[in-house]
Each structure stands twice: as C-alpha cells, then as structure tokens.
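Notes to accompany the following structure.
Coordinate-derived values only; no laboratory data. Please read all numbers here as calculations on a predicted model, not as lab measurements. Glycine also receives a Cβ, built like all others from the backbone with ideal geometry; neighbour counts cover every protein chain displayed.
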Amino acid sequence: MALGKPILRLIDTLRELSRNHLNLVERMSEVEHSSVQVIESANQVSVNVKKQSDSTNSTAAAILEISQSLEDVVDKINNVHTASTHALDVTSQGRTSISQLKIEIEQVKFEAEQTQLQMSSLDELSATVASMSQSIQDISAQTNLLALNASIEAARAGEFGRGFAVVAEEVRALAQRSNESADNIIKNVSSVRDQSHQVTEKMMDVVERTRRCFDTALQADEALNEITKETQNVQDQINIISANTEQQNMATREISQHIELVVEGARDNAEVADQAAKVAEHLKNLTLKSI
C-alpha cells in the first residue's frame, strides 16, 4: 500500500503534465494560427504599401510635371511682362515724339499764318504802289498834254517863244519817261501781286495741311494714350497672374515635398511590415518545432 500512493501521485502528475502539454499544444496552435494571420496581414500591408508607394510616386511625378509646367508658365508670363514693359516704353517714346511733333506743327502753322499775313500786307502795299503809279501816269499824260500846248503857243510866239519851246520839250520828254517808268512799275507790281497771290494760296494750303497734320497727331496721341492704358492694364493683370502662378508653384512644391515625405513613410512602413512578417515567420517556425 505504501508503494501504491507514490504511484498514484505519479499518475496524477503525469495526467496533469499531459493536460498541460495539451494546453500548451493548443496555445502553440493558436500562436501558429496567429503567426500565419500576422504573416498574411504583414504581406497584405506590404502589398498595399507598395501600391500606395507606386501611386504616390505617380502622383509625385504628376506634381513634378505640373510644377515644371507652372515654371514654364511663369517664364512665359515674365517674357510677356518684359514685352509689355518694352511696349510701354515704346509708346511713351512715341507720345513724347508726337508731343514734340505737335509743337513743331504748331510752330510751322504759326509761321505760315504770319507769312500769309505778311503776303496780304505786301499785296496791299503793291496795290497802293500800283495806284500811285497809275496816278503818276495820269499826271504824266496831263503834263505831256500841257507841254504840247506850250510848244504850240511857243511856235506862235516865234522868236520870243523859242526858249519856252525848249523847256516845254524837256518837260514833255520828262513826262514821257515818267509815264514809261510808271508803266514799268505797274507791270512789276502786277507781277509781284500775281506771285504774292500764288504764295498766299500756297501758304493757305500749308496752313490747311498743318492743321490736318496736327489733327492726325492728336488722333495718334489719343491712340497711343489708349494703347498705353490697355498695355498698363495688361501688365497689371500679368502681375496678378504672375503672383498667383508663383503662389501655385510654391504650393505645388510644398505638396511635392509632402508627397516625398509620404513616400519615405510608406517605404518605412513597408520595411516594418517586412520585419514583422519575418518575426512572425520565425515565431511560426519556433512554434512548429516546439509542437
């Protein structure tokens, strides 16, 4: 009987050990199953992370392309801004030139009008000279007639009128020369008046042409003024677009940087998932060996 008790205790111990072993095997099976699930989950995480990384890389490439396109747009906008600035400078120079042209046209118009007035005065003086010459001709004719009458009377007086006849002849000759001179003056004055009329007509034409040139210069100045305003408006809009585009470019670069961080994080997650899968695989192998 003394030997039976130890045997019974040994049997109980073996039974307890068997139960514990069964529990351990069951726990090992659960660990193995969990390890398999961890491996599968880790593999799935790795696959998803790879897909996310590929998608993120594609997005990063697209963002980079957008950024490059925005930079190209900024360059083109800057070129347009430079061109509009040059256009403003050119129109400003054009307005300055037209302003100077207007001053010169006004000066030419003023001088032409003054010349026209002077030619009118010359025409009046010529008319006065012609009138005076006509009066001289009339006086010469009367003097010639008086000299002729004096010669006739001197001839009647005979010897006593001879000296008077000589004087009368000289007076008649002088009257004749005065008449001829007056006639030449009238002809010359007539020629001067004709030329004066031609010059006056040409001056009137010059005044009219300068007026039209001045009106054209005014229209050109107004057109350049409108061009300047429109160019300035375009330049202001370009400045706004350039500023907005630059902000978009900066935002795109920031997004690209964030995406790079996400890509790096995804790579780190993939490495962690891979390490977790390796640990789970190692745990699974240990469990199988233990069983």
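By counting other Cβ atoms within 10 Å of each Cβ, how are ILE66, ILE103 ranked from fewest to most?
ILE103, ILE66
Got a sec? How would LEU8, LEU218, LEU88 order by Cβ neighbour count within 10 Å, fewest to most?
LEU8, LEU218, LEU88
Compute the length gained on full extension between ALA173 and SER242: take 0.36 nm times their separation in residues and subtract their Cα-Cα distance, giving the result in nm to one decimal.
Full-extension gain reported as 14.9 nm.
Need one number for the range 201-271: average projected area of the convex hull over its C-alpha atoms, nm².
6.1 nm²
Show log10 I(q)/I(0) for the range 107-206 at q = 0.17 Å⁻¹, two decimals, from a solvent-free Debye sum over equal Cα scatterers.
-0.77
Ratio of Rg to Rh for the range 64-290, alpha carbon only, Kirkwood?
My calculation of the ratio gives 1.80.
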